[in-house]
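K.L.:
Can you read through this structure? Questions will come right after.
All of the numbers you see were taken from the coordinates with simple rules; none came from a lab. Remember, predicted model here, so these are calculated numbers, not experimental data. Counting neighbours? That spans all protein chains shown, and the Cβs are built from the backbone with ideal geometry, glycine included.
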Amino acid sequence: MRQRIQVLIALSDAAEAALVDAALAESGCARAFASDLRSVEQSMNEADVILTDTEFASGAFSDWLSLWPIPAVLVVDPSIEPKQLAENTVDESSAFIVRDPDRAWIRYASILVRKAASVRESLNRQNSNIIRAESSYMNLLRTVPDIIYVLDGDGYFVYLNDAVSQLGWKPEELIGKHFAELVHPDDLPEVCRSLVLQRYEGVKTGAEAAPKLFDERRAGDRMTRGLDVRLRHRDGSEWTKANVDSWGEITSLGVTLPEFQGRGTGTMGLIHDISERREHERRMSKELDARDILLKEIHHRVKNNLQVVSSLLSLESDCVEDERAKAVFVECQTQVQSMSLVHEQIYRGSSLDGVEASGYFARLAEYLVGVHDARARGIHIGVEAGDIVLPIDTAMPLSIITTELVSNSFKHGFPDSRGGIVEISLAKADGSYEFRVRDDGVGFESTKGSGVTPGKHKGIGMDLIEALASQLGGTMERVGSGGAETLIRFPANDGG
């Protein structure tokens, strides 16, 4: 607002105009006069406020006050109809004052003039800020690479940003068109509100089970997120796979809001082209499948190669007559076979992340039972490993440890045709594994022969076990009371 308010005086009574001029002069306002509509138009650009009455220009001017770009103070007679007064002062910055016989209203004219000018200045400032903010937001929307759209309450486009050009359209070409013209016909029964909601009539859905819709009218937790649709290109030659987030507000009180020229509240949404991403995911999935097949084939071939080595050891042992030398061949063959079973378990399993411990130890136990003729000797073996999955770097040394310990139990723990039980267990707690092999045989102190010596409890086999336990970053403990038990603790380096 200018420092001095410029008032255009357009009164039908010249005497009143002179008195008003004097009153405004005292309040510091600049004044100008208009005698007819033409002079009003000529002075309009210079005025901040118009002071007029209902009789000026035979009432033609006051009837159109709301269309003039500046606020007005209207002087009215007490007999004016309230409806007419409301129509004449519909502009929120305008004011009115009732003419009294003593012309006392003139003393208050300057107050109303300043108030009208102040209200208009405030409105102009707010409008300017709104326009500036809207301009910034619109510029931002234009630069967003994703398609941003607004639908009216009936599903017709009222706004699209420039990103819709990805589909070959210009925004103005789709304004006024229904969203169904973009969506693939096969997808409409799954995303259109008028079609989908019929199937949900009488069904309680909640936020999680709410249907996903292109023309979503719900906000908050029930808004549509991650809806996949196919959108048509302008030339109709191809369809783009897109991901839609959509939201809106509905009027549950039966009140028609003024959005979109009285057509009701609508929907806003964001469309992200995921065709390239889906193609990339498809290629990645294909490559991962190929990699899994390759890795399984590698494990299969390693297993076969180890079985060839085991077979060669078996053939060579047949040529050896010395029983102690033959036993060494059998031990080597057993260890090779235990490693082969690791690769077989991975090859046969559903995951390449590692070895399912329970299944592996069960297969290894079955193999060792056959090697040592345990069933005929009355020796039973049990396995308890839960659902633990071991990385191959852990499973391989543990397979050798298991084979060595179980073989020692079979060879030294049950002399003189004594039967019994051997137990293999693996448990995980507090980021560490506890691996045990125990039997109810004669115990360490009573065993004699290779592998364990009374008083020393030490042999080449135990040296191997200690070395492998150290390789796993663990420790080994042995208990010989009431049978033999070996406990190995090592950290769980499997990311679990």
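K.L.:
Estimate the FRET efficiency between Ile111 and Ala30 by the formula 1/(1 + (r/R0)^6), using the beta-carbon distance for r and 22 Å for R0, to the nearest 0.05.
P.N.:
About 0.85, to the nearest 0.05.
K.L.:
Which whole-number percent is the relative contact order of the chain (Cα, under 8 Å, 6+ apart)?
P.N.:
Working: 804 pairs, mean separation 33.6, N = 496.
Here the relative contact order equals 7 percent.
K.L.:
Give me the angle, in degrees from 0 to 90, between the Cα long axis of helix 357-371 and the longest principal axis of the Cα atoms of the chain, rounded to the nearest 10.
P.N.:
10 degrees
K.L.:
Specify the angular offset, from 0 to 90 degrees and rounded to the nearest 10, of the alpha carbon long axis of helix 323-348 from the longest principal axis of the alpha carbons in the chain.
P.N.:
That works out to roughly 20 degrees.
K.L.:
Determine the gain in length on full extension of the stretch Asn304-Ser317; use 0.36 nm per residue of separation and subtract their C-alpha separation, reporting nm with one decimal. Display every interim value, and only then the final one.
P.N.:
On the way: separation 13, 0.36 × 13 = 4.68 nm, distance 1.98 nm.
That pair, Asn304 and Ser317, stretches by 2.7 nm at full extension.
K.L.:
List the relative contact order of the range 145-273 as a percent without decimals, with contacts defined as Cα pairs under 8 Å and 6+ residues apart. Let's see the in-between values first.
P.N.:
Working: 258 pairs, mean separation 36.1, N = 129.
After rounding, I find 28 percent.
K.L.:
Also, I was wondering about something else. Starting from 0.36 nm per residue, how many nanometres of slack lie between Trp64 and Ser79 once their C-alpha separation is accounted for?
P.N.:
On the way: separation 15, 0.36 × 15 = 5.40 nm, distance 2.00 nm.
Separation in residues times 0.36 nm, less the Cα-Cα distance, equals 3.4 nm.
K.L.:
Lys and Arg at +1, Asp and Glu at -1: add these up for the other residues within a Cβ distance under 12 Å of Arg436 and post the number.
P.N.:
On the way: positive: Arg438, Arg478, Arg489; negative: Glu384, Glu423, Glu434, Asp439, Glu477, Glu485.
The answer is -3.
K.L.:
Which GluC sites (Glu not before Pro) from the range 336-408 combine a DSSP loop assignment with at most 14 other Cβ atoms within 10 Å?
P.N.:
Values: sites: Glu344, Glu356, Glu366, Glu384, Glu404; in loops: none.
Counting only loop positions with at most 14 other Cβ atoms within 10 Å, none of the GluC sites (Glu not before Pro) in the range 336-408 qualifies.
K.L.:
Give me the extension gain from Leu140 to Asp154: residue separation times 0.36 nm, minus the current Cα-Cα distance, reported in nm with one decimal. Could the numbers behind the result be given before it?
P.N.:
Numbers: separation 14, 0.36 × 14 = 5.04 nm, distance 2.65 nm.
Extra length from Leu140 to Asp154 when fully extended: 2.4 nm.
K.L.:
Applying 1/(1 + (r/R0)^6) with R0 = 56 Å to the Cβ-Cβ distance of Arg324 and Ala290, what FRET efficiency is obtained, to the nearest 0.05? Each step should come with its number before you reach the end.
P.N.:
Numbers: r = 49 Å, r/R0 = 0.88.
Working from the Cβ atoms, E equals 0.70.
K.L.:
Based on Cα positions only, what radius of gyration and what Dmax would you give for the chain, in angstroms?
P.N.:
Cα only, the chain: 46.1, 144 Å (Rg, Dmax).
K.L.:
Given Cα positions, please report Rg to Rh for the range 320-429, the hydrodynamic radius being the Kirkwood one.
P.N.:
Values: Rg = 14.6 Å, Rh = 14.7 Å.
Using Cα coordinates only, the ratio equals 1.00.
K.L.:
Please identify every one of the GluC sites (Glu not before Pro) in the range 176-252 that sits in a loop by DSSP and has no more than 10 other beta carbons within 10 Å of its own beta carbon. Please report the intermediate quantities before stating the final value.
P.N.:
Values: sites: Glu181, Glu190, Glu201, Glu208, Glu216, Glu238, Glu249; in loops: Glu201, Glu216, Glu238, Glu249.
Loop-located and lightly packed - Glu201.
K.L.:
Under Stokes-Einstein, with the Kirkwood radius over Cα pairs standing in for Rh, what whole-number D in µm²/s applies to the range 6-140 at 10 °C and 1.306 mPa s? Could you put the intermediate results ahead of the total?
P.N.:
Details: Rh = 15.5 Å.
In µm²/s, the coefficient rounds to 102.
K.L.:
Could you work out how far helix 392-412 tilts from the main Cα principal axis of the chain, as a 0 to 90 degree angle to the nearest 10?
P.N.:
For helix 392-412, the angle is close to 30 degrees.
K.L.:
Find the relative contact order for the range 5-105 and round it to a whole percent, using C-alpha pairs within less than 8 Å whose residues are 6+ positions apart.
P.N.:
For the range 5-105, the relative contact order is 25 percent.
K.L.:
Hey, got a sec? Which chymotrypsin sites (Phe, Trp or Tyr not before Pro) in the range 191-252 land in a DSSP loop and have at most 15 other Cβ atoms within 10 Å? Intermediate results must be reported in sequence, preceding the final value.
P.N.:
Details: sites: Tyr200, Phe214, Trp239, Trp247; in loops: Tyr200, Phe214.
Those that pass, being in a loop and sparsely packed, are Tyr200.
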